[in-house]
Structure formats: C-alpha cells, structure tokens
Amino acid sequence: MEQININYEKLIPQKPVTDVVAYALEKGAFQKSYLVYRSDRAYEPLGGQRIDAVLVACSACGREFHAEKIPAAGCSCSYSPAPFGWRNDQLAKSVISGDKTLCPLCGAEAKVVHIGNIRTYGGELVDDAWVTELSQLPVEGLTDRLVLTDWCIRRCVNKQGATRYETWPYTAWVVEEKKVVRLMGYLKNIGGRICLFGEWRQRKTFVDVYGSAQLIVPWDKALLEGTTAENSKLDLYQAEKGGRQLVAYLSLWRRRPNVENLVVQGCGNLVQSWIISEMSSGNYKGGIPKLEKVNWKEKRPAQMLGLTKEEFRQMKQGKWGTEDLKKYRRVRDDGVPVQLPEDMELLREIQYYDCSSILEEAPSRIFGEPSDI
Ligand SMILES: [Zn+2]
C-alpha cells in the first residue's frame with residue numbers, strides 16, 4: 001500500500017479559527033480571580049493625614065480600593081505567607097496571601113495574593129484553559145482531512161491586577177485514511193514543566209495526550225461531510241453525556257470502523273464508559289483504546305456485545321451501563337436463568353462476584369414468581 005507522509009505543521013490552522021478567548025470566557029473557564037495587594041499610603045479623612053494602608057486590585061472587575069493593613073500575626077493563620085494582610089470590611093474578616101474571599105466591589109470569588117508572592121511567569125499570575133476547534137483541511141488530490149486543534153488560552157494577571165490573554169498551539173490531530181497524526185505545541189520537561197513552542201511540531205507516533213476536552217467550540221455535523229472522518233459519527237459520540245474523549249474515539253474508529261454501529265444504535269454510553277475506564281486504568285500509556293469487551297469481528301451491535309437480539313432490546317430499554325452488561329453476561333454465561341427486565345434490578349444492587357450465586361437464590365426463583373416475558 002502506498003504510504004502517505006504529509007507534514008501538516010504549516011498546513012493546519014496556526015491561529016484559532018474562532019474567537020476562542022471569548023468562548024472560554026463565556027463558558028467561565030477562568031473562574032479564579034485575584035485580589036492582588038500591596039502596601040500603600042491612604043488618606044485618612046478623620047485625622048486628615050496619610051496612613052499606612054493596603055491597595056488591593058481586583059482582576060475580576062479591574063478596580064482598586066484601599067483596605068486596612070493587618071500585621072501578619074493578626075491574620076487567621078499560624079504561618080505567614082506574606083508580611084501583612086488586609087481587612088475585608090464587607091465580610092468583617094482579615095485575609096492574607098493565599099486566602100479566598102469575595103471582592104468587596106464586584107462580589108467575585110477571588111484568591112488573595114500579596115504582590116511579593118507573584119513570581120511565576122515573569123512576575124505574572126497565570127491560569128490556563130483549553131479550547132478545541134474542529135476544521136476541514138483540503139489536501140490536493142486527497143480527501144479533505146478532519147483536523148482537531150486544541151488551544152491553550154493563558155490568562156496572565158500582572159501585579160497591578162491587569163489581565164491579558166495569550167493563545168498557544170497545544171495539541172493538534174489530523175485524521176488520515178489509516179491513522180490519526182499527532183502534532184504538538186508543547187513539550188513536557190523532566191520536572192513536569194510545560195514548554196510552549198508557539199508553533200506545531202509533528203510527531204511520528206500516536207499518543208493520546210489529549211484525554212478529555214475541557215471546552216469544545218460548537219460545530220455542525222456537516223463539517224464531517226466529505227472528510228476523512230465522514231462516517232465516524234463523532235457528533236453522536238460527543239453528544240453523549242461526558243463524550244469529550246474526541247481523540248480516543250477518532251483513533252478507535254479509525255482502527256475499528258464498526259464502533260460507529262454501536263454509537264448509531266444508541267450504545268455510545270457504553271463506548272464512552274469503556275474508553276474512560278481504559279484511560280483511567282493504571283497501565284494506560286496513551287494508546288488507541290482496545291475495548292476488549294467488544295467482539296470486533298462482528299458487525300451488528302447485538303453480536304458485537306455478545307447478546308441476542310432480544311437481550312440487546314432489553315439492554316437498550318433498561319438503559320444498561322457497562323457494569324450492568326458485565327454482570328448480565330456473567331450470570332448468563334454461568335448458566336443461571338435470568339428474567340429480564342426484573343432481574344436486572346437485583347443485579348444492580350449486588351457485587352459482580354456475587355451475581356450468579358445470589359441470583360440463583362433470588363425469591364423469584366424460590367417462589368417461582370411469574371415472568372412478564
Ligand atoms: Zn472586583
């Protein structure tokens with residue numbers, strides 16, 4: 001087979017296609033606001049002189065105000081993260097660097113930071129959020145590629161409380177005919193520190209460093225039409241509650257195209273649960289999900305899940321999760337007769353390893369309750 005080796009570094013979007021900063025803000029990605037404070041002199045009207053005080057700047061509303069200076073010992077903590085704190089009159093409470101409080105002017109919940117504690121990133125406080133965009137990439141003579149770009153939005157708050165945003169390439173994924181190509185916008189150093197390149201660098205191997213999306217810019221399923229991911233049903237997968245493992249799903253679909261049948265037939269929740277449980281297992285290394293519970297040689301959803309047509313109907317009607325399915329298959333394979341749907345209620349309440357023995361002794365067996373089926 002002809003091997004296609006395209007370098008996508010300069011072909012994929014170098015900048016976000018939409019206003020990802022606005023989207024992140026709209027979705028409340030940066031909930032952490034800061035009240036940055038420093039020593040200052042304030043005019044005291046009663047005594048008619050300038051006194052020692054604290055100037056506080058709020059990153060949420062951008063305003064500044066004076067507050068009473070409180071020596072560190074007077075603050076409600078045993079060790080002193082800063083030489084002094086200040087009194088939040090609104091809440092009648094003293095706060096010091098590291099505390100959480102509400103801005104007396106705008107009411108936003110904010111972290112209190114003494115100016116001397118701002119050391120990160122060239123003297124600015126930094127918060128990151130991630131936004132995913134999907135787009136089409138035309139490639140001459142080939143099918144248009146579906147491209148997923150994940151941007152890192154960095155909010156930087158300076159010592160005056162002023163805020164600015166940076167947008168950095170983080171990870172990008174190009175769906176090809178046979179595989180998903182990975183591009184990185186960062187490198188993780190040995191110490192775990194993230195080094196941002198400011199450009200895309202293509203990698204030879206697939207490793208799912210994407211995980212679960214934080215924010216995904218809304219997209220229409222028409223975007224998939226005519227692309228390499230046309231039949232992926234990515235839209236249906238994403239529509240599942242918590243269906244945010246877009247790269248894992250796309251790579252699985254590329255290797256096992258019939259996963260689409262499960263998603264179309266309303267089993268996207270199972271696919272999603274299995275993907276997440278693989279990701280969260282201790283020996284996960286970022287490979288393509290295996291979903292070993294699925295019989296990939298089969299095409300039809302019931303057979304793929306090792307069920308008869310009637311069992312499959314019951315499963316969908318009863319909205320079984322992966323645990324339900326696992327328990328049902330175990331009991332059935334142990335040769336214990338299962339009455340659906342009523343026995344599923346019982347199975348849900350017991351441990352996996354007790355399933356068969358408890359069900360054998362279930363009242364419906366002993367007293368021979370009539371079945372509805
Ligand atoms: Zn404020």
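Laid out as a table, the results:
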read-out: Scope the range 55-72; condition outside any loop (DSSP other than H, G, I, E, B) and within 15 Å of the ligand (Cβ to nearest atom); matching residues; value: 55, 56, 57, 58, 64, 65, 66, 67
read-out: Cross-chain or 6+ apart pairs with Cβ under 8 Å, the range 290-304 first and at positive phi, then not in a helix (DSSP H, G or I); value: 291/256
read-out: The range 95-107 residues that are assigned by TED's automatic domain parsing to the domain that holds residue 82 and near the ligand (Cβ under 9 Å from one of its atoms), paired with ones that are part of a loop (DSSP other than H, G, I, E, B) and among the acidic types (Asp, Glu) (beta carbon under 7 Å, 6 or more apart); value: 104/89
read-out: Hits in the range 18-37 - residues which are more than 21 Å from the chain's Cα centre (by Cα) and more than 16 Å from the ligand (Cβ to nearest atom); value: none
read-out: Single residue of 173, 151, 130 found to be at pLDDT below 95 and buried (at least 17 other Cβ atoms within 10 Å of the Cβ); value: 130
read-out: Matching entry among 237, 210 (being of a type in the set (Phe, Trp, Tyr) and part of a helix (DSSP H, G or I)); value: 237
read-out: Filter result for residue 113 (within 16 Å of the ligand (Cβ to nearest atom) and either more than 29 Å from residue 243 (Cβ to Cβ) or part of a strand (DSSP E or B) (or both)); value: yes
read-out: Helices (runs of 4 or more DSSP H) contained in the range 240-287 and holding at least 2 residues within 21 Å of residue 325 (Cβ to Cβ), of a type in the set (A, V, I, L, M, F, W, C) and within 14 Å of the chain's Cα centre (by Cα); value: 268-279
read-out: Where a residue in the range 341-358 is assigned by TED's automatic domain parsing to the domain that holds residue 311 and its partner, wherever it lies, is loosely packed, with under 12 Cβ neighbours inside 10 Å and part of a helix (DSSP H, G or I), with Cβ under 8 Å and at least six apart; value: 341/317
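Residue by residue, here is whether (1) of a type in the set (Ser, Thr, Tyr); (2) at pLDDT 90 or above; (3) over 30 Å from residue 177 (Cα atoms) holds:
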{"residue": "257", "(1), (2), (3)": "no, yes, no"}
{"residue": "264", "(1), (2), (3)": "no, yes, no"}
{"residue": "273", "(1), (2), (3)": "yes, yes, no"}
{"residue": "282", "(1), (2), (3)": "no, no, yes"}
{"residue": "328", "(1), (2), (3)": "yes, yes, yes"}
{"residue": "348", "(1), (2), (3)": "no, no, yes"}
{"residue": "360", "(1), (2), (3)": "no, no, yes"}
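The values are calculated or read from the model by the stated rules, or taken from the named source; none is laboratory data. Just so it is clear, the structure is predicted and the values come from calculations on it, not from any experiment. Cβ: placed from backbone, ideal geometry, glycine included. Neighbour counts: every protein chain shown.
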